[in-house]
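Structure record follows, encoded as structure tokens.
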There are 2 protein chains.
Amino acid sequence: MAKTKDSNTEGNILASAENIFQSKGMDGARMQEIADKAGINKAMLHYYYRSKQLLFEAVFNKAFSLLAPQLNVILNDDSTIEDKIKNFTSSYISFIMKHPYLPSFILQELNRNPKFAKKLQENQNFPNLEKFKNQVNLEIEKGILKPIKGEQLFINVLALSIFPFVASPLIKIFLKSSEKEYKQLMKDRKTDVSDFIIKSIKA
Amino acid sequence: MAKTKDSNTEGNILASAENIFQSKGMDGARMQEIADKAGINKAMLHYYYRSKQLLFEAVFNKAFSLLAPQLNVILNDDSTIEDKIKNFTSSYISFIMKHPYLPSFILQELNRNPKFAKKLQENQNFPNLEKFKNQVNLEIEKGILKPIKGEQLFINVLALSIFPFVASPLIKIFLKSSEKEYKQLMKDRKTDVSDFIIKSIKA
DNA sequence: GTCTATAGCCAGATAGAC
DNA sequence: GTCTATCTGGCTATAGAC
């Protein structure tokens, strides 16, 4: 169906697989549907990726490798906590608005299969929280921030940025809002979220 | 296997179905596994619930009817916004700690099947946000709260309360924390979350 | 009400022609 | 590399004995 066909079959397959896996999950996805979307035959999926499991892992790993680097905005640069939070919430929400299925997909599959979690943990450049925690403590000592545990602050930043996308159907119901109103609300959050956090933690 | 057997077969089935559906989702769940867990035969599932779909709906509806009333703490009682938030975050987090799979289950299935969302929307006593929004505006006018949109505040309260459970595998990786440490962190959030919010919005 | 056995279908995977 | 045809297994659901 929706082909970006450069007769680049392997790429077409991966693109279609992303679309299907990310919206239906591993268990709900059908190889036939992926093949249809790529405009090719089911046998080709196995020719290029051997099995459903391996095709799925290609999609999952790519998705994770897109999301993870975004975290370095908050973990690995040298600005103040306030600036980090402003930059992160804004850029992360922008990013997710372009890929709204990614967070639920990752979380759902991590819940489904703890093996993925183990694999990620043993990973090379998995984001490290230590620097962030130290910086938070330092800024508290300096009187820049009110006392707060670095872990909780980090969780709060993620929660406020990501949750509205994971829970989008629920939020649309609560707010009785159209798709358009929902999107506007998410746009607003690019600054609303950091304002909300900064107000809470700034001394 | 794990039976609470009073030879109450229908109840046993529902309990086992909750366990399996909530951890594996509709697509990943197997009728055989539910039967095994209930210590009965597969045919009995169909005898009592006719089909997988209907059994699933029984589980989903029960789960939702457990979660929704908790929202009335924040939407339908008469205390101040500050008290509502304190009560809600504490009681909701306590509740979810006892049923950690519920939120991801509901969100996953709402994402998978928009029909459920539609059904809920048309529902009788679905929580209504209007009262909360009006109260927020009133307290802002009175100078009790700093300016904030009621919708965003509501989303923030939900996000901070629920997200850590939906994202538990991810959070455990980030924090390199054991199950025990994770649980302690969630316990702490019963008060940490409301403190965090109140600091941000109180004038 | 509860069981065994099986029908019927569907999905993942492979064989083999082109 | 790409296709059609087919194998094989697993899953929901039902028939029918007890």
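Where in region A:46-157 are the helices (runs of 4 or more DSSP H), entirely inside, with at least 3 residues that are away from chain B (no Cβ under 13 Å)?
A:52-67, A:81-98, A:130-141
Search region B:45-71 for residues being within 21 Å of the chain's Cα centre (by Cα) and of a type in the set (Phe, Trp, Tyr), and hand back the single one that is nearest to DNA strand D (Cβ to nearest atom).
B:PHE56
Of the residues in region A:90-117, how many are buried (at least 19 other Cβ atoms within 10 Å of the Cβ) and either farther than 17 Å from A:ALA63 by Cβ or not assigned by TED's automatic domain parsing to the domain that holds A:ALA159 (or both)?
Counting residues in region A:90-117 that are buried (at least 19 other Cβ atoms within 10 Å of the Cβ) and either farther than 17 Å from A:ALA63 by Cβ or not assigned by TED's automatic domain parsing to the domain that holds A:ALA159 (or both) gives 1.
Please work out if B:ARG50 is closer than 24 Å to B:ASN123 by Cβ and either of a type in the set (S, T, N, Q) or within 14 Å of DNA strand C (Cβ to nearest atom) (or both).
Against the criterion (closer than 24 Å to B:ASN123 by Cβ and either of a type in the set (S, T, N, Q) or within 14 Å of DNA strand C (Cβ to nearest atom) (or both)), B:ARG50 qualifies.
Here is a yes/no grid of residues against (1) within 16 Å of DNA strand C (Cβ to nearest atom); (2) under 20 Å from the mean Cα position of the chain (by Cα); (3) within 30 Å of B:LYS146 (Cβ to Cβ); (4) in the same structural domain as B:ILE155 (by TED's automatic domain parsing):
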{"position": "B:GLY25", "(1), (2), (3), (4)": "yes, yes, no, no"}
{"position": "B:MET31", "(1), (2), (3), (4)": "yes, no, no, no"}
{"position": "B:ILE40", "(1), (2), (3), (4)": "yes, no, no, no"}
{"position": "B:ALA43", "(1), (2), (3), (4)": "yes, no, no, no"}
{"position": "B:VAL73", "(1), (2), (3), (4)": "no, yes, yes, yes"}
{"position": "B:ASN76", "(1), (2), (3), (4)": "no, yes, yes, yes"}
{"position": "B:ILE85", "(1), (2), (3), (4)": "no, yes, yes, yes"}
{"position": "B:PHE88", "(1), (2), (3), (4)": "no, yes, yes, yes"}
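When region B:159-196 is examined, which residues are found to be at the interface with chain A (Cβ under 7 Å from one of its Cβ atoms) and under 21 Å from A:ASP195 (Cβ atoms)?
Of everything in region B:159-196, those that are at the interface with chain A (Cβ under 7 Å from one of its Cβ atoms) and under 21 Å from A:ASP195 (Cβ atoms) turn out to be B:ALA159, B:LEU160, B:PHE163, B:ASP192, B:PHE196.
The values are calculated or read from the model by the stated rules, or taken from the named source; none is laboratory data. Because the structure is predicted, anything quoted here is derived from the model rather than measured. All Cβ positions, even for glycine, are placed from backbone atoms using ideal geometry, and neighbour counts span all protein chains on display.
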